[in-house]
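Please treat every number below as a calculation from the coordinates, not as lab data. Not measured: the values here are computed from a predicted model. Glycine also receives a Cβ, built like all others from the backbone with ideal geometry; neighbour counts cover every protein chain displayed.
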Amino acid sequence: MCGRTACTLAPDDVGKACEYQNKQGERKRPGWRDGDSDKYKPSYNKCPQSNSPVLLSLKHFQKDADSSERVLAAMRWGLIPSWFTETDPSKMQYNTSNCRSDTMAEKTLYKGPLFKGKRCVILADGFFEWRRQDGEKQPYYIYFPPIKAEQPSDEKSSTDGGGSRLLTMAGLFDCWEPPNGGEPLYSYTVITVDASKAMNWIHDRMPAILDGDEEIQKWLDFGEVPPKEALKLIHPTENVTYHPVSTVVNNSRNNAPECIVPIVLKPKKEPALSTSSKKMLEWLQSKSPKKEESGGGLLKSPKLSQFAVSPKKTSAGLMHQWLKKEGEPSPKRVKR
């Protein structure tokens with residue numbers, strides 16, 4: 001799943017990071033849909049129902065535009081379908097922040113947007129996922145690996161200019177119009193797939209990540225690429241990296257650089273051993289019984305008969321007898 005992201009670029013920098021090459025080979029920078037740059041607020045800790053920057057085909061807003069041209073929009077995280085009849089989107093009973101790739105072509109919530117070409121790319125610096133272990137949840141920040149300096153410039157699309165790439169996640173969107181009138185609400189859902197080997201030890205699901213401008217182009221260009229072909233782009237990717245972060249990110253109200261700063265995980269403390277356990281551990285770790293000098297001679301190792309047990313008994317039985325003997329008080333010396 002994907003339930004929290006970070007997107008810290010200012011609106012103008014998001015546009016710079018999304019430069020692309022159009023069909024004529026020209027470098028273009030997508031602009032924001034009117035008024036949407038003000039709706040998007042950078043954050044280190046974005047959660048569902050907040051607005052995120054989304055990339056989509058300009059043809060969704062301008063019918064005479066080429067479907068390969070792109071535009072930026074601010075959309076609400078958590079898809080509200082166009083047929084929703086309530087007057088308040090918060091009354092949506094289903095969690096639509098994510099949709100599974102294996103069922104989205106069947107579920108009423110998602111198959112409409114999918115087959116109508118309402119495909120989009122959700123932009124983020126990275127996303128967060130929590131690993132459950134021993135009843136605890138450790139957050140990790142997951143993102144594209146930094147760009148190497150020797151890569152050619154045409155491979156550096158969707159970058160922030162500082163050596164890192166914006167994470168580009170495949171999604172679906174829809175437009176809901178309030179029954180009583182008002183401004184239409186654009187919202188989206190993140191498509192998820194089985195986690196890749198790179199991160200399935202953290203969680204069993206991950207966003208469907210579009211790696212490279214060619215994949216982004218095919219996903220967005222609904223006029224040239226039909227749904228069946230576009231769905232071939234939806235699969236796990238190994239091209240991600242991650243690091244553990246502070247649990248401060250657990251609270252969605254916390255919005256600070258601390259949310260994405262790497263931390264060093266402390267090794268877990270082993271449970272304290274009892275006195276008898278410590279003695280047993282020392283006994284198991286010791287070498288063969290020590291040979292002690294006695295009048296120039298050597299003491300032989302004790303025989304099993306000295307423990308008053310049958311040689312047929314197991315080693316566990318011997319340990320039990322030994323521990324029992326250790327716990328008994330020393331016999332008093334008889335005075336003569």
Item to complete: Between Gln49 and Asp66, with labels modelled 7 Å along Cα→Cβ, what's the label distance in nm to one decimal, could you check?
Response: 4.2
Worksheet item: Which distance in Å, rounded to a whole number, links the C-alpha centroids of the range 177-224 and the range 236-254?
Response: 18
Practice prompt. Determine which residues of the range 1-32 fall in the zone a paramagnetic label at Val248 would reach in this model, i.e. backbone nitrogen under 19 Å from the point 7 Å along Cα→Cβ.
Written response: 4-9
Practice prompt. Give, in nm to one decimal, the length gained when the segment between Ala10 and Asp88 is fully stretched (0.36 nm per residue of separation minus the Cα-Cα distance).
Written response: 25.1 nm
Worksheet item: For the range 18-73, rounded, prolate or oblate, judged on the Cα gyration tensor with a ≥ b ≥ c (square roots of eigenvalues), a/c < 1.5 rounded, else prolate if a/b > b/c?
Response: prolate
Discussion item. Once R0 is set to 25 Å, what does the formula 1/(1 + (r/R0)^6) return for the Cβ-Cβ distance between His235 and Lys107, expressed as a FRET efficiency to the nearest 0.05?
Written reply: 0.80
Worksheet item: Net charge near Lys39, counting Lys/Arg +1 and Asp/Glu -1 over other residues with Cβ under 15 Å of its Cβ?
Response: -1
Worksheet item: What is the extension gain from Glu214 to Leu265, computed as 0.36 nm multiplied by their sequence separation minus the C-alpha to C-alpha distance, in nm to one decimal?
Response: 14.6 nm
